[in-house]
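First comes the structure, then the notes that go with it.
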Amino acid sequence: MRLGGEVEPVEVLAVDDFSAGRVRRIAGVTVERLDITQAGEVAAVFRDFRPEAVIHLAAQVSVERSLERPDQDVDVNVYGTLNLVREAVAAGTRRVVFASSAAVYGDPQRLPVDEDHPLKPLSVYGRSKLAAEWLIQQYAQGTGLEAVILRLGNVYGPGQRPETGPVVARFFLDALSGRGPVIHGDGQQTRDFVYVGDVARAFVLALAGPAGVVANIAGGRATAIGELAQRIGRLVAGSPAPRYGPPRPGDIRHSVLSSDRARRLLGWTPRVGLEEGLAATYQWYRRQVAKAVEPVAG
């Protein structure tokens with residue numbers, strides 16, 4: 001599909017450093033190992049493939065890790081984005097669709113948070129994503145490059161790995177391993193969860209929609225972390241009660257986003273509710289845990 005909406009064969013190249021993901025989980029497209037912080041590697045892949053459009057998902061996404069290694073956030077999220085957008089312009093790429101984050105808003109001054117909300121991130125991670133947004137928008141000015149920025153809520157769903165800190169993945173794996181999930185704080189803090197399939201659809205729409213859009217992509221419902229733990233506990237029979245730990249620095253108290261702009265400009269609304277999404281996610285994690293404990297045939 002071309003950006004104008006014409007249907008025709010599409011050649012897709014996926015690049016990743018596989019610091020968290022697994023190459024075997026990507027099917028149907030060409031895959032190359034690439035470190036976005038290495039300018040020469042990024043230049044080579046743009047020169048050879050010359051993409052018409054780029055979906056930029058590469059990032060260090062763990063708020064916890066950003067506190068321990070802020071330099072990694074700057075290297076990957078800021079300088080990595082600089083490498084990408086600079087080479088996109090040089091290669092004549094028409095559009096970059098960037099996965100940003102609700103973390104750019106910081107502690108909400110009003111709810112739901114719309115795209116005109118003040119941008120005051122509390123964490124190094126949030127600041128690095130905001131800096132990446134700025135770089136993409138600056139390079140888009142006067143170059144012909146079209147920029148679309150999607151600010152994501154808390155994405156969850158099948159296939160998510162726990163190493164980067166997503167709460168749904170951690171809660172399911174704790175419950176399936178017979179451990180009570182760890183809640184940081186009192187459990188009353190809220191997040192806006194959005195199913196991965198809905199997020200993927202938003203990126204497809206953003207490839208063909210209007211240029212210059214900055215839009216929230218979220219479920220539009222505030223869910224308390226304690227409620228999330230209860231829902232997962234009901235799905236995983238025999239799951240122990242949650243354990244409580246101190247709040248994490250840099251975590252906001254409440255978050256729910258307005259996705260009205262995405263609906264108006266991209267034609268996107270979430271289709272998968274939390275109950276349905278958690279049920280599908282549970283089945284995926286249950287299968288993964290079962291595979292891990294299966295005896296090896298002799």
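The values are calculated or read from the model by the stated rules, or taken from the named source; none is laboratory data. Note that the structure is predicted; figures quoted are calculated from it, not measured. Quick reminder, even Gly has a Cβ in these numbers, built from the backbone with ideal geometry, and neighbours come from all protein chains shown.
Under the condition of being out of contact with any strand residue (DSSP E or B) (no Cβ under 6 Å at 6 or more places or on another chain) and in contact (Cβ under 8 Å) with a residue 12 or more places away in the chain, the residues counted in the range 135-154 number 5. Would you please name the residue that is surrounded by the most Cβ atoms within 10 Å (Cβ to Cβ), looking only at residues in the range 242-256 that are farther than 10 Å from Gly106 by Cα and touching a helix residue (DSSP H, G or I) at 6+ places or on another chain (Cβ under 8 Å)? Selected residue: Pro242.
Taking the options Gly157, Gly178, name whichever one is surrounded by fewer than 19 Cβ atoms within 10 Å (Cβ to Cβ) and in contact with a Ser or Thr (Cβ under 9 Å, 6 or more places away or on another chain). Spell out the reasoning first.
Details: Gly157 fails: surrounded by fewer than 19 Cβ atoms within 10 Å (Cβ to Cβ).
Just a single option satisfies the conditions, and that option is Gly178.
In the range 111-123, the residues that are at pLDDT below 95 form Cβ pairs under 6 Å with partners that are of a type in the set (S, T, N, Q), at six or more places apart or across chains, as follows: Ser123/Ser66.
For the range 61-90, what are the residues that are outside any helix (DSSP H, G or I) and touching a residue at least 60 places away in the same chain (Cβ under 8 Å)? Let's see the steps before the verdict.
Quick first cut of the range 61-90, residues outside any helix (DSSP H, G or I) only: 61-62, 69.
Result: Val61, Ser62.
Mind checking which pairs have a first residue in the range 270-298 that is farther than 14 Å from Gln160 by Cβ and a second that is at pLDDT 95 or above and in a loop (DSSP other than H, G, I, E, B), Cβ under 6 Å, 6 or more apart or different chains? Final answer for the pair search is Pro270/Gly219. Taken over the range 26-48, the residue count meeting the criterion of being of a type in the set (Lys, Arg) and more than 17 Å from Ala88 (Cα to Cα) is 1.
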